[in-house]
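One structure is given below, encoded as structure tokens.
Taken together, the values in this text are just the output of simple stated rules run on the coordinates, not laboratory data. In this text the structure is predicted, and so the values were computed from the model without any measurement. A quick note on method: Cβ atoms are made from the backbone with ideal geometry, for glycine too, and the neighbour counts reach across all protein chains shown.
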Amino acid sequence: MERKSYDPADIELKSTGKGEVVAAFSIFNEVDSDLDVVLPEAIPHGVEVPMSAYNHKSWGDQLPVGKGVVSVDGLRATFTANFFDTMGGRDTHETLKQLGPLARWSWGFDVVDSERGTFNGQRVRFIKKVRLYEVSPVLRGANDNTRTLAIKSANTQRAILESAKRQLDQFELEDMKRRFEAEMCTAQLVEAKDRFTREHGTGYSTIAESAVDIDVKAAAWGASARYAPRLGINPDAVIVRWFSPEIDSGRVTRFGDKVDGDGWADFYSMPGTVIYGLTRPNLEPRTIRLNAELSPVEAVFTTGHEIAHLAGRDEAGAREFEAQIRREAAE
Ligand SMILES: [Zn+2]
């Protein structure tokens with residue numbers, strides 16, 4: 001259903017008993033704001049149609065307020081109608097009387113036949129035949145074009161909302177993608193680190209004594225004081241140094257690789273192994289190195305093991321001494 005309004009200067013309200021209106025509602029052979037040209041034969045002459053409640057409200061839930069007959073001449077279509085003796089009819093009649101030239105009219109129709117063409121240099125739609133349903137008084141500015149605009153603006157708002165939603169969806173997708181990629185990145189780092197550790201072992205760096213848990217330090221010092229004398233070593237001469245594994249996924253290291261700017265990975269364990277302690281008697285007399293992540297108990301046995309190396313024992317000898325002190329501790 002389409003609607004058009006026309007701005008005639010000559011609405012005539014006839015003062016008959018129940019009220020009558022004569023209103024031009026369409027003009028022929030002119031380009032309107034819809035770029036339509038209504039041809040004179042388009043609107044059927046003599047057809048009787050209802051008068052809608054204001055602003056075509058009879059398409060909704062409001063009763064028609066009158067009915068009338070359409071007459072057509074070569075220039076325009078005119079609606080000559082009577083108001084019903086109903087509340088709506090009387091109110092509309094009175095309202096139109098008061099409005100006078102402010103009143104506007106609009107018609108509701110379906111296009112039955114039309115044709116594209118050119119009119120005075122403009123591309124237009126020639127409306128050749130319509131099915132007319134009703135004629136309605138409308139508010140000035142509330143005519144078809146305005147109504148069309150309102151619909152357009154509602155559609156525009158909807159389009160903006162839908163576009164915003166699409167953008168949000170897109171943003172969410174991108175965000176999920178970014179997060180996924182970040183997780184992938186972390187996973188790849190962890191995987192790379194794991195793979196690296198499997199293939200190359202773990203790097204270890206010397207750390208400050210102050211960074212070591214006091215219970216672990218105390219256990220190592222106590223073990224040194226207890227076992228060094230048994231191995232012929234002066235406990236006061238034993239230096240304990242600490243190291244920790246490079247366990248950060250971002251700090252995958254190889255022996256000789258620089259670690260976080262604070263030093264170099266000093267050594268590394270073989271794949272699948274953990275270094276508890278380390279002694280290099282020929283290079284570092286009386287220095288034992290302990291893994292700072294040992295428990296206090298393991299720090300005791302590892303200290304004994306490393307001091308055995310300091311005393312000149314080979315790996316078998318150091319293990320034998322370690323086994324001995326473990327047995328003693330268990331008794
Ligand atoms: Zn050893």
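Quote the relative contact order of the stretch 2-139 in percent (integer), defining contacts as alpha-carbon pairs under 8 Å separated by 6+ residues. Walk me through the numbers on the way to the answer.
Details: 338 pairs, mean separation 42.8, N = 138.
31 percent.
If you take the beta carbon distance between Glu331 and Thr273 as r and set R0 to 30 Å, what does 1/(1 + (r/R0)^6) give as a FRET efficiency, to the nearest 0.05? Kindly include the intermediate steps, with their values, before the conclusion.
On the way: r = 30 Å, r/R0 = 0.98.
The calculated FRET efficiency here is 0.50.
At 7 Å along Cα-to-Cβ for each site, give me the label-to-label distance between Asp213 and Glu94 in nm.
With each label placed 7 Å out from Cα toward Cβ, I get 9.4 nm.
Between Asn282 and Ala225, what length comes free when the chain is fully extended (0.36 nm per residue of separation minus the Cα-Cα distance, one decimal in nm)? Mind showing how you got there, number by number?
Working: separation 57, 0.36 × 57 = 20.52 nm, distance 2.18 nm.
So the chain would gain 18.3 nm between Asn282 and Ala225.
With the cut-off at 19 Å, tell me which of the pairs Lys4/Lys97; Lys67/Lys97; Lys57/Lys128; Lys4/Lys128 have Cα atoms farther apart than that. Working shown, then result.
Details: Lys4/Lys97 22 Å; Lys67/Lys97 17 Å; Lys57/Lys128 27 Å; Lys4/Lys128 15 Å.
Correct reply: Lys4/Lys97; Lys57/Lys128.
Using a simple spin-label model with points 7 Å from Cα along the Cα→Cβ vector, what separation in nm is obtained for Arg319 and Ser295?
Taking the simple label geometry, Arg319 and Ser295 are separated by 2.2 nm.
Taking the Cα atoms of the stretch 2-139, what is the range of coordinates along each of the three principal axes, in descending order and whole Å?
Between the extreme Cα coordinates on each principal axis of the stretch 2-139 lie 46, 28, 25 Å.
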